[in-house]
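Right, one structure below, let's go through it.
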Amino acid sequence: MRIFWVLMFVLFASISFAQPVVSFDASAIEACAPAEITFTNTTTGCTGAATYYWLDGSGDNSNNENPTFYYNSGGTYTVSLEVTCDGFTESNTMEITIYDPPSA
């Protein structure tokens, strides 16, 4: 019976500490408008199926694993990714800067 409880503890501990570590890369963190930026999910720690929820900082969102967003005007945008997997929901953010197009 003691072995059973030890195995249960090990199983519970491995499940409890397997939280995702949310991270992502951007094809550019600075660009001139209009800009097309692709974000690549690099999250680790998910052992099961994951769901993704991206906000691009300008009001658009996506559930794709690796979305592309379009920025038509200059500004600083906070992009966020929320990942849900294995019973956990974690998130991370990144700032990108879009510059107004140069005037002639």
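No lab work stands behind these numbers, since they all come straight from the coordinates. Bear in mind that the values here come from a model prediction, so they are computed numbers and not experimental data. Here the Cβ positions follow ideal geometry from the backbone for every residue, glycine too, while neighbour counts run over all protein chains shown.
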Legend entry - Per-residue ³J(HN,Hα) for the stretch 68-84, Karplus 6.51 cos²θ - 1.76 cosθ + 1.60, θ = phi - 60°, Hz, x for Gly and Pro: 10, 10, 10, 10, 9, 9, x, x, 9, 10, 9, 8, 10, 10, 10, 10, 10
Inset, instruction - Please give the helix 2-16 orientation as an angle from the longest Cα principal axis of the chain, in degrees from 0 to 90, rounded to the nearest 10. - result: 0
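Could you tell me what percent of the DSSP beta bridges with both partners in the chain are antiparallel, to the nearest 5?
Working: 26 of 29 bridges.
Rounded to the nearest five, the antiparallel share is 90 percent.
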Legend entry - Residues ILE29, ILE98 arranged by fewest to most Cβ contacts within 10 Å: ILE29, ILE98
Inset, instruction - Please list, in chain and number order, the residues 5+ apart from SER23 or on another chain whose amide H is under 5 Å from its amide H, with Hs placed from the backbone. - result: THR42, THR43, THR44
Inset, instruction - In whole Hz, with x marking every Gly and Pro, tabulate ³J(HN,Hα) for the stretch 28-39 from phi via Karplus 6.51 cos²θ - 1.76 cosθ + 1.60, θ = phi - 60°. - result: 7, 10, 9, 7, 9, 6, x, 10, 10, 10, 9, 10
Legend entry - Expected 222 nm ellipticity per residue - DSSP helices of 4 or more, -39500 (n - 2.57), all of the chain, to 500: -4500 deg cm²/dmol
Legend entry - Under 5 Å, built H, 5+ apart or other chain: amide partners of TYR99: ALA31, CYS32, ALA33, GLY75
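Hey, what did the chain get for relative contact order, percent, Cα under 8 Å, at least 6 apart? Mind dumping the intermediate values first?
Numbers: 211 pairs, mean separation 31.0, N = 104.
Once divided by the residue count of the chain, the mean separation gives 30 percent.
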Legend entry - Rough spin-label spacing in nm, given labels placed 7 Å along Cα→Cβ, for SER73 and PHE88: 3.9
